Amino acid sequence: MTGACIAAPALAQDGVSGKSFVDNFDSLNKARWYISDGWNNGAHQNCTWSKEQAKVVDGVLELSFEKRQAGERDYVCGEIQTHKRFGYGTYEARLKSADGSGLNSAFFSFIGPTDKKPHDEIDFEVLGKNPAKVQVNQYISGKGGNEFLADVAGGANGGFNDYAFVWESDRLRYYVNGEMVHEVTDPAKLPVNAQKIFFSLWGTDTLSDWMGAFSYTAPTKMQVDRVAFTALGEKCQFAESVACLLN
């Protein structure tokens with residue numbers, strides 16, 4: 001047998017509906033993306049999701065945070081999520097985080113009770129209090145506590161950086177700008193349920209120990225230049241892809 005592609009899992013994951021794709025955000029494809037609008041995720045979140053805060057400008061997705069009363073909050077923020085669910089494979093995003101203590105610029109996969117599944121999640125989160133780092137984490141049936149901080153040279157808000165995770169049944173690897181920064185092999189710390197892909201920018205008044213004291217001075221934005229998913233065993237889809245290194 002020739003080649004060095006990662007083998008596809010022996011058994012297909014339950015609930016997977018999405019296939020490999022690359023989105024360069026030439027537009028905001030409503031067939032792929034659902035835009036969160038009109039609610040918040042709980043008392044910890046100080047902004048209301050608004051469809052007005054998710055726009056494509058010159059081939060870049062912009063999720064913005066600004067002071068504007070909506071719903072129960074005095075601020076509005078942006079989030080998009082895929083309609084479909086994805087399984088084992090390489091997840092990648094090229095993004096620039098927002099400025100501001102108390103803000104969270106996130107690229108992650110998630111599934112939960114709203115979709116009648118346990119809470120499984122895989123995270124990249126840039127916390128505005130320290131954009132020199134990116135936090136990675138996993139939740140398995142609602143249990144987190146697997147945080148790890150990785151360096152981002154030049155700062156996550158200083159320019160576009162590439163973030164990727166490679167999710168397999170027996171391990172999970174995180175990459176920043178093509179370099180592996182963290183690996184998880186403990187079965188108890190590996191999500192198993194197919195998940196949707198999310199990007200979000202939100203703020204908090206209450207989680208200051210984690211995200212920093214909220215300090216709003218002006219509107220800010222998280223920018224995403226590209227996102228891709230490559231299923232295990234399939235060819236990489238663009239030259240800079242982490243999947244090319246693995247294949």
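Exactly one residue out of Ala188, Ala239, Ala228 is out of contact with any Gly (no Cβ under 8 Å at 6 or more places or on another chain), within 24 Å of His83 (Cα to Cα) and aliphatic (A, V, I, L, M): that is Ala228. Identify, please: which residue in segment 58-92 is touching a Phe, Trp or Tyr at 6+ places or on another chain (Cβ under 7 Å) and in a loop (DSSP other than H, G, I, E, B) and is, among those, nearest to Asp14 (Cα to Cα)? In this case the residue turns out to be Tyr88.
Please tell me if Asp162 is surrounded by 15 or more Cβ atoms within 10 Å (Cβ to Cβ), closer than 24 Å to Gln138 by Cβ and either of a type in the set (Asp, Glu) or touching a Cys at 6+ places or on another chain (Cβ under 6 Å) (or both). So Asp162 fits the description; yes.
Among the strands (runs of 3 or more DSSP E) confined to segment 93-185, the ones with at least 2 residues that are without any contact (Cβ under 8 Å) to a residue 24 or more places away in the chain are located at 120-127, 133-139, 179-184.
Tell me the residue from Ser141, Ser101, Ser105, Ser109 that is over 24 Å from Ala243 (Cβ atoms) and either open to solvent by less than 10 Å² (accessible area, probe 1.4 Å) or touching a His at 6+ places or on another chain (Cβ under 9 Å) (or both), please.
Values: Ser101 fails: either open to solvent by less than 10 Å² (accessible area, probe 1.4 Å) or touching a His at 6+ places or on another chain (Cβ under 9 Å) (or both); Ser105 fails: over 24 Å from Ala243 (Cβ atoms); Ser109 fails: over 24 Å from Ala243 (Cβ atoms).
Just one listed residue meets the conditions, Ser141.
The set of residues in segment 223-247 being among the basic types (Lys, Arg) and crowded, with 19+ Cβ neighbours inside 10 Å consists of Arg226 alone. In this structure, does Phe214 turn out to be in a loop (DSSP other than H, G, I, E, B) and either surrounded by fewer than 15 Cβ atoms within 10 Å (Cβ to Cβ) or among the β-branched types (Val, Ile, Thr) (or both)? No: the conditions fail for Phe214.
Condition first: of a type outside the set (Lys, Arg) and surrounded by fewer than 17 Cβ atoms within 10 Å (Cβ to Cβ). Now tell me which residues in segment 48-80 satisfy that. Lay out the reasoning, then the answer.
So the first thing to find is which residues in segment 48-80 are of a type outside the set (Lys, Arg), and the list is 48-50, 52-54, 56-66, 69-72, 74-80.
Across segment 48-80, the qualifying residues are Glu52, Val56, Val57, Asp58, Gly59, Gln69, Gly71, Glu72, Asp74.
Here is a list: Ala132, Ala194, Ala188. Which entry is farther than 28 Å from Cys47 by Cβ and open to solvent by 10 Å² or more (accessible area, probe 1.4 Å)? On inspection, the qualifying residue turns out to be Ala188.
The values are calculated or read from the model by the stated rules, or taken from the named source; none is laboratory data. The structure presented is a predicted model; accordingly, all values stated were derived computationally and were not measured. Glycine also receives a Cβ, built like all others from the backbone with ideal geometry; neighbour counts cover every protein chain displayed. Protein only, heavy atoms only, side chains kept; ligands, DNA and RNA dropped before computing areas. Shrake-Rupley method; radii C 1.70, N 1.55, O 1.52, S 1.80 Å.
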